[in-house]
Amino acid sequence: QVQLVESGGGEVQAGGSLRLSCAASGSTFSRNVMGWYRQAPGKQRELVAIINSRGTTTYADSVKGRFTISRDNAKNTVYLQMNSLKPEDTAVYYCYSQVGRGYWGQGTQVTVSS
């Protein structure tokens, strides 16, 4: 069983920045692929970024160059630094742990106003 708790969402103006955090329970965190997904109203949930145990990252084309995913294995935490935010980044952001059947956090709202 893995529990994921996100924090750091909020409202920001276009061009601003936010940093999301996801604290994970469990002793296998350092070996797990971790990811961030988002879901905007009326749209399907989509991948934002993932990071594997070696720190290799993958990003959606829409966020490349603006978002950075990172992890601190000592703190069992994964981060998403979001810069140059756009109104189209508005969504609920979910943390994901790719272990076993997969686990999701409860989500954190990010709202970018124009």
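Within region 80-114, which residues are among the acidic types (Asp, Glu) and either within 11 Å of Val48 (Cβ to Cβ) or in contact (Cβ under 8 Å) with a residue 60 or more places away in the chain (or both)?
Asp89
Which one of Ser7, Ser84, Ser17, Ser70 is of a type outside the set (Lys, Arg) and out of contact with any strand residue (DSSP E or B) (no Cβ under 7 Å at 6 or more places or on another chain)?
Residue meeting the stated conditions: Ser84.
Would you call Thr77 of a type in the set (Ser, Thr, Tyr), without any contact (Cβ under 8 Å) to a residue 60 or more places away in the chain, closer than 18 Å to Gln3 by Cα and open to solvent by less than 50 Å² (accessible area, probe 1.4 Å)?
Spelling it out, Thr77 is indeed of a type in the set (Ser, Thr, Tyr), without any contact (Cβ under 8 Å) to a residue 60 or more places away in the chain, closer than 18 Å to Gln3 by Cα and open to solvent by less than 50 Å² (accessible area, probe 1.4 Å).
Failed condition for Ala60, given (1) in contact with a helix residue (DSSP H, G or I) (Cβ under 8 Å, 6 or more places away or on another chain); (2) modelled with pLDDT of 95 or more, with all others met?
(1)
Please specify each residue of region 27-52 satisfying the condition of being surrounded by fewer than 15 Cβ atoms within 10 Å (Cβ to Cβ), closer than 15 Å to Glu88 by Cβ and of a type in the set (Lys, Arg).
Answer for region 27-52, where residues must be surrounded by fewer than 15 Cβ atoms within 10 Å (Cβ to Cβ), closer than 15 Å to Glu88 by Cβ and of a type in the set (Lys, Arg): just Lys43.
The values are calculated or read from the model by the stated rules, or taken from the named source; none is laboratory data. Note that this is a predicted model, so its numbers are computed, not measured. Please note: Cβ atoms are built from the backbone with ideal geometry, for glycine as well, and neighbour counts cover all protein chains shown. Calculation scope for accessible area: heavy atoms of the full protein, side chains included, ligands and nucleic acids excluded. Shrake-Rupley method; radii C 1.70, N 1.55, O 1.52, S 1.80 Å.
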